[in-house]
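Notes follow the structure.
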Amino acid sequence: MNHKIIIATLCCLPFISVAQEDEEKSPITASAELGLLYKTGNTKSADIKTGFDVKYEEALWRSTFAMDLLVKKTEKTDADGNEQFETSDQKWTVESKTNYTLDKSSKNYIYGDIAYEDNRFSGFENQSSISAGWGREWFKNKKASLFADIGPGYKRDVIKATDTMESKTQSAFIIQAQALYLRKINDHVNFKQLLSAKYAPGSGDNSKYKAETSITTKLIETLALKFSFIIDHNTEVDEGTDRTDTQTAMTLVYSF
């Protein structure tokens with residue numbers, strides 16, 4: 001199980017400037033994240049976390065694009081006795097999702113979702129998926145909102161080669177379901193819960209599940225503290241590989 005504690009600084013930056021009236025907001029917003037954890041002692045290592053996401057929301061459309069990168073560098077000694085940092089593990093993910101609202105009164109929508117993950121921490125070289133289906137904005141008010149959707153899709157997993165087995169590719173039909181809950185606890189604290197399932201009904205096919213929980217607490221007007229916990233679970237992995245990976249992060253969030 002990979003368990004990483006990362007202290008990071010997240011900069012929320014305007015992505016584009018749109019000429020609008022003062023009371024209107026730009027439909028496009030973006031944020032960038034950069035963090036570093038450096039360890040010394042018997043072993044020297046550095047974990048670098050960075051990310052970038054863009055959101056577009058206007059009229060009937062709601063689109064998101066997110067990219068995240070986690071790199072682990074460990075100090076090693078080469079043949080000449082020189083010490084240098086080398087990348088020992090890394091994980092990067094890209095996901096894009098678009099919702100189109102069909103019925104304003106009931107908030108029903110159709111969605112399209114595509115995702116790719118390259119994760120050296122796991123037993124896979126990469127995992128990718130595509131899905132489309134139906135969803136609904138179950139409720140939304142000033143304090144909370146809930147989105148949930150489900151639809152058919154297709155998943156492709158590339159399994160790492162081992163000493164006894166060559167790399168192989170497994171493809172499967174999936175049923176993808178997602179739920180996103182957002183809540184403003186008070187003027188200073190926000191809560192987020194994301195659940196995702198990529199269920200492969202075929203016998204022996206790998207299903208993938210993800211849960212992400214975060215709480216953000218405002219310290220001052222432009223600075224906040226964010227705590228997040230992520231669980232990734234694969235049902236079918238090679239012997240000697242954990243099914244579940246976790247990532248814990250404490251993040252300083254700076255916005256302007």
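The values are calculated or read from the model by the stated rules, or taken from the named source; none is laboratory data. Source: prediction; values computed, not measured. Reconstructed Cβ throughout: ideal geometry from the backbone, glycine too, with neighbour counts over all protein chains shown. Ligands, DNA and RNA are stripped out before the accessible areas are found, and what is left, the full protein with its side chains, is counted by its heavy atoms. Shrake-Rupley method; radii C 1.70, N 1.55, O 1.52, S 1.80 Å.
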Using only alpha-carbon positions, what ratio does the radius of gyration of the stretch 151-237 give when scaled by 2.2 N^0.38 Å? 1.53
Carbon/sulfur fraction of accessible area - the stretch 161-256, other protein chains in place, 1.4 Å, %: 56
What number do you get for the stretch 88-195 when its Cα radius of gyration is normalised by 2.2 N^0.38 Å, N = residues? 1.37
With Cβ to Cβ distances under 15 Å as the rule, what net charge do the other residues near residue 124 carry (K, R +1; D, E -1)? -3
Would you mind checking which residues have amide H under 5 Å from residue 160's amide H? H placed 1.01 Å from N; only 5 or more apart, or other chain. 124, 125
Can you list residues whose amide H is under 5 Å from residue 235's amide H, if they're 5+ apart or on another chain and H is modeled 1.01 Å from N? 207
Within 10 Å, count the other beta carbons around each residue, average over each peptide in 134-143, 205-214, 58-67, and list them highest first. 205-214, 58-67, 134-143
Once amide hydrogens are built 1.01 Å from N within the peptide plane, the residues lying 5 or more places from residue 33 or on another chain with amide H under 5 Å from its amide H are 11, 51, 52
Backbone HN-Hα couplings from phi across the stretch 112-125 [Karplus 6.51/-1.76/1.60, Hz, Gly and Pro as x]: x, 9, 9, 9, 9, 9, 10, 9, 6, 5, 9, x, 10, 6
As a test of the definition: which semi-axes, in Å, follow for the stretch 188-256 when you take the square root of five times each eigenvalue of its alpha carbon gyration tensor? Largest first, please. 34, 12, 7
What net charge is computed for the residues neighbouring residue 114, neighbours being all others with C-beta under 9 Å from the C-beta of residue 114, Lys and Arg scored +1, Asp and Glu -1? -1
